1. State the Cα centre-to-centre distance between the range 265-306 and the range 139-162 in whole Å.
2. Where the centroid of each part is defined by its Cα atoms, how far is the range 438-468 from the range 369-422 in Å?
3. If I stretch the segment between residue 341 and residue 741 completely, what's the gain in nm (0.36 nm per residue apart, minus their alpha carbon distance), one decimal?
4. Would you list the membrane-span-like helices of the chain, meaning whole DSSP H runs whose alpha-carbon atoms span at least 20 Å along their axis and whose mean Kyte-Doolittle value is at least 1.0?
5. When Rg is the radius of gyration of the Cα atoms in the range 299-401 and Rh is its Kirkwood radius, what does Rg/Rh come to?
6. Of the listed peptides 229-241, 756-768, what is their order by residue-averaged count of other C-beta atoms within 10 Å, with the highest listed first?
7. Would you pull out the residues with amide H under 5 Å of residue 419's amide H, same chain only if 5 or more places away, H placed 1.01 Å from N?
8. Please report Rg over Rh for the range 580-734, where both radii come from the alpha carbon positions and Rh follows the Kirkwood definition.
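The values are calculated or read from the model by the stated rules, or taken from the named source; none is laboratory data. All figures in this text were calculated on a predicted structure; none of them were measured in a lab. Here the Cβ is made from the backbone with ideal geometry for all residues, glycine too, and neighbour counts use every protein chain on show. Note: accessible area is taken over every heavy atom of the protein model, side chains too, but ligands, DNA and RNA are not part of it. Shrake-Rupley method; radii C 1.70, N 1.55, O 1.52, S 1.80 Å.
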Amino acid sequence: MRLRLPLILVLLGAFLLLTFVPRAVQLYTDWLWYGEIGYEGVFLTGVTARLALFTAVIGLAFGFLYWNLRHAQRDVVPHPMFVRLSQQTRPVDITQSVRRLALPVSAVLALLVATTASRGWLAALQFVQRTPFGTTDPVFGRDIAFYVFTLPVLSGALALLLALAVLALLMVVPLYVLRGDLILPPPRMRLELSAGWHIGGLLAIAFALVGMQIWFVQIPDLLYSRTGPMVGASYADLHARLPALRVLAVVAFLCATFVLLGAARGRTAWHALLAGGAFIAVAVVGVLGVPALVQRLVVVPTELTREAPQLERHVNATRLAWGLDDVEERDLSGDARLTLDDVRANAPTIENVRLWDRDPLLQTFGQLQEIRTYYDFVAVDDDRYWIDGRYRQVLLSPRELNPASLPTRTFINEHLTFTHGMGVTLAPVNQVTTEGLPILFIKDLPPVSSVDLHVTLPQIYYGELTDNFVYVGTRRREFDYPAGAENVFSAYEGRGGVRVGRLARRAMLASRFGALTALLSQDITRDSRVLYYRNINRRARMALPFLRFDQDAYMVITDAGELVWILDAYTSSTRYPYSEPLPDGTSYMRNSVKIVIDAYHGDVRAYIADPTDPLVQTLNRVFPGIFQPLDAMSADLRAHLRYPEDLYRIQTALYTTYHMRDAETFYHREDQWEIPMLGAERREPFMRRIIMRLPDEDEAEFIFMTQFTPRGRDNLGAWMVARNDGQQYGRLRVYRFPRQSLVFGPRQIMNRINQDTEIARQISLWDQRGSEVIRGELLVIPIEEALIYVQPLYLRAEGGRIPELKRVIVAYENQVVMEETLDESLAVLFGVMPPSPIQDPDAPAPPPAATPVAGDELLRRMQEQYERLRTEIDRMGEMLRQLQQQRPEP
């Protein structure tokens, strides 16, 4: 025994060391990181709330469970149970052994219960700081805040108490059996009076808690029912299940009283069985059977008539929960025709037609601008800037460092020397060189700009690709960028990072990263700093773990030439009554927060973008000092805010159905829309960010656009825009075509393009030469009340990696034209070239020429058509000669 005790202590110590020390190291280093970014309040609030909730629950659970176990063993055991393990040992009193287990069993169970309950710390804080929605549910008249903030906490608290009562029952009943206080049949059941009171009391508590759950939780939960043709309480729920649940709750309270009466009479067991049987019978008949009969016999024969009020509630709640209640609607004539004057009046729209798709442009950036193998372009983002006095849409991609691509992957290279990416590549959406390559406004290393937009602080220490830890301020020089055969080095002078400090902190940081070299390295000094959580998405989630984030973060160049990331963050809930949920249960969402992360310093700033959202108001109370008003964001950053992609996708998908407000129309889906999907490989909806002038507006603006087609048809039914600029930010507008009009949709235009013989011939000719033809995205460009479609064609030579823009297809109504440039295609459609075409700034100036007149233009077009026909005739003649040569001799 003397040898076993030290061994047990050693094993216990090893278990604690392996379990709690790593967790303590992580908590400590996380605390240092939260201090670095100024978010100690988030860390302390979370830890304090968890600890307080854990302490309260573990105290309650342990006290309740331990008292019940000790109370069940308070008297001398009337019929102790002995077990002899072998003939050589004395009999062991099992009941006495079980008495010793009361403390550890209660402690372990209480620990498990408290650990589970502590995960609800945020819900508890939101309940305490809850903010009213100002909207009530249509059935019970409660504010929506009750369902979002109060109901989850109430449900969790009742479930916790019921779990404790059930656990106590599961422990004391076997204990009374061991003691002989409870004798099970056969021949007959017998229960000692004090044991009967104990078990009866626990059963009564359980029945009372079940009754409270039904009354306070299950009845409100009817507003999330799916028994009808929509989400929310249906006719059968309101007229059958709701009364049945109220009766069942009363029955549960009566059962609790009946069990206590049985305990007083010494008939606890039989009263408990009768109460349980009665409760189950009422639940099966009233809650399950009667509503099913009402649904089948009353609702189904006249479902629309019965469910019309509930359908209206569902539609209204869904529109309100998803921000669709304020969508502006405009009607279009459907028969507008474009003229040359219309094209000229919309010059900003024409000048910003996006001819470069993200994927081909990303490949081109990778080949032309990665410079070294350890640089990567991860994504290309749409944005807009005022460049040289003009409002221009551009495509921007940061040049990030990829440590996995370093030629030599050592600790020094990965964590001390190669610490950051460098600069960006920025191109306009619609300009190309004579070789079909994009014009680059910002390029090379260090970044060089050919316009009035400059990058003055190009180092990227925090990015989308970046995720490893690095030490800065060390004795090693940091690689900055290559300059020919030489390398340029720099030193980090930013605010980011946690100071290494003395040996203890240094050891904790090294343990956190599992890097013994970081502890022993002579290059790392006390004043060095370590940068971690450098991936911007992970950094934002760590800083604000109570938000959800959009998948598309984007980089912005400030007026000072610094690089910052902007991320869209959402508040969301799964508890909005009657609202249509996503597959993950989310039924309410707002883009209430904009996150700005400095690519050099790593600062994280959170701005409230929607101050009317009750969820963000509540979070602002829970975490005071974390959020700033949107007015505190600098004007140059506010000018680059975008409507978030994830929310827009959800809203447009829902709007295909929930634009129908009338209950009968909604029930029959008479005006159901769908978002056109094109592409054999990537089935993506038509959603594009473009600069354009809306039909009823005076100025061009940056918008997010999608189209709708009637379900099962290809013609266009409507299009929606999310506005991004100035005071119009966040507003949604829908332009509807008359239902009787025929406006070609994207799929119909694609079919026309595929059927065009000239386009098919040119693509076939390129294919015969071994080149790969890449079809760009089909762009829908509204001009006034009409639409034109634009599709770029890219050509990649055999064995090549750089796509080149070779043709631009433009379709208008039943006309399809393909020329080398957008301007030439528009010229064919509308007679002359649009005014002020954008030229390649690096291309040599063309020689002066006389201004062409209409006759000259017509003659040139006829000459081109003649050459094409002659080429086609020559090709057909060659095919005939080949066929004649292949015929057998007679």
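1. Cα centroid to Cα centroid, the span is 24 Å.
2. So the separation of the two Cα centres works out to 7 Å.
3. Extra length available between residue 341 and residue 741 comes to 141.6 nm.
4. For the chain, where a helix must reach 20 Å along its axis and average at least 1.0, the hits are 4-37, 40-72, 102-118, 151-179, 193-213, 242-264, 268-282.
5. On the way: Rg = 24.3 Å, Rh = 19.5 Å.
Radius of gyration relative to Kirkwood radius: 1.24.
6. Ranking, from highest mean packing down: 229-241, 756-768.
7. 479
8. Numbers: Rg = 18.3 Å, Rh = 18.0 Å.
With Rh from the inverse mean 1/r over Cα pairs, Rg/Rh is 1.02.
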